[in-house]
Every structure is written in structure tokens, then in C-alpha cells.
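Single-structure report; data block below.
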Amino acid sequence: MQPKASAVSGGVTKKLDTLRVKGAMKNVEVANLLRTRPETVSRWNQGRAYPHAKTEKALLELEYVIDQLSDFYEPNEARQWIFAPQKLLDGMSPAELIRSDRMDEVMRLVRQLREAVHF
């Protein structure tokens with residue numbers, strides 16, 4: 001049985017809400033990270049479109065990262081962390097890695113941060 005379109009698009013909307021609330025991210029920033037257009041993200045948010053499978057996977061991973069960061073960063077700090085160069089990423093920003101389909105490296109660093117915080 002296929003899920004209803006409104007339920008599926010509602011899930012995407014919830015993920016975008018998490019990015020906005022816990023990560024202080026705007027549609028244009030989400031679009032940039034996911035290599036799509038702000039108008040497309042806006043349509044997802046309104047339930048008028050749905051991301052392709054690869055983009056949806058990246059959206060889910062980005063939402064997971066932001067959710068993990070929200071345990072120890074305020075929303076603006078989480079956003080800054082995503083876009084700032086990181087010493088443990090050899091001076092690259094997590095945003096650069098996300099755009100290069102290297103989310104696994106970002107997730108690994110977030111795990112390391114969480115382990116250090118919860119030591």
C-alpha cells in the first residue's frame with residue numbers, strides 16, 4: 001500500500017521545519033546544500049512537489065545532523081557550524097562536504113563531537 005501524497009509531503013515539511021527551527025536554516029541555504037533551487041524547496045514545503053530519491057536521502061541526513069547538533073548547539077550555532085571551516089575536516093566546512101556527497105564524513109565528525117560532549 002502506497003502512503004498518501006499528503007502524508008509523504010508532510011514528512012518532508014517536518015524535516016524542513018527541523019532545519020529551520022533547530023538549525024536556523026533558510027530555504028536558500030537548504031537548496032544550496034542539496035544542490036537544488038530555493039523555489040524547489042519552497043514547493044516541497046508547500047506539499048506541491050517531492051524531492052527525488054537522492055535528494056530526499058541528503059535531506060534526511062542533513063536533518064539528522066542538525067538534530068544531533070541541536071543537543072549541544074543553539075540553532076544559530078548549528079548553522080554556523082555547518083558553514084564554517086572545521087579543523088577536523090582539514091579546513092573544509094561541513095557544507096562543502098555535504099554538497100560533494102560526502103555526508104558520511106560530516107556524520108562521523110558529529111558522532112565524535114557528541115562523544116566528546118557526553119564523555
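Quick notes
- Placing dummy labels 7 Å off each Cα toward the beta-carbon, the span from Glu77 to Glu105 is 2.5 nm.
- Converting phi to 3J(HN,Hα) with the Karplus coefficients 6.51, -1.76 and 1.60 and the offset θ = phi - 60°, the stretch 21-30 yields 7, 8, x, 6, 9, 8, 3, 5, 6, 4 Hz in sequence order, with x at every glycine or proline.
- Summarising the amide proton neighbourhood of Gln86: residues at separation of 5 or more, or on other chains, whose placed amide H is nearer than 5 Å comprise Gly91, Met92, Ser93.
- In plain terms, the residue of Leu109, Leu88 with the fewest other Cβ atoms within 10 Å comes first and the most crowded comes last, giving Leu88, Leu109.
- For Leu34, distant residues with modelled amide H under 5 Å away: none
- Helical mean residue ellipticity (222 nm; -39500 (n - 2.57) per DSSP H run of 4+; nearest 500) of the chain: -21000 deg cm²/dmol
- Radius of gyration and Dmax over the Cα atoms of the stretch 71-119, both given in Å: 10.6, 31
- The chain: relative contact order as a whole-number percent, Cα under 8 Å and 6+ apart: 25
- As a calculated quantity, the FRET efficiency between Gln112 and His52 at R0 = 35 Å, using C-beta atoms, amounts to about 0.70.
- Folded to 0 to 90 degrees: helix 53-69 orientation relative to the chain principal axis, Cα: 50
- Pairwise Lys count, the stretch 5-117 - Cα closer than 20 Å, eight or more residues apart or different chains: 9
- Each distinct pair of alpha carbons in the chain adds a 1/r term; the inverse of their mean, the Kirkwood radius, is 14.6 Å.
Bear in mind that the values in this text are calculations on the coordinates, not laboratory data. Everything quoted here is computed from the prediction, not taken from an experiment. When we count neighbours, we look across all protein chains shown, and the Cβ atoms used for this are built from the backbone with ideal geometry, even at glycine.
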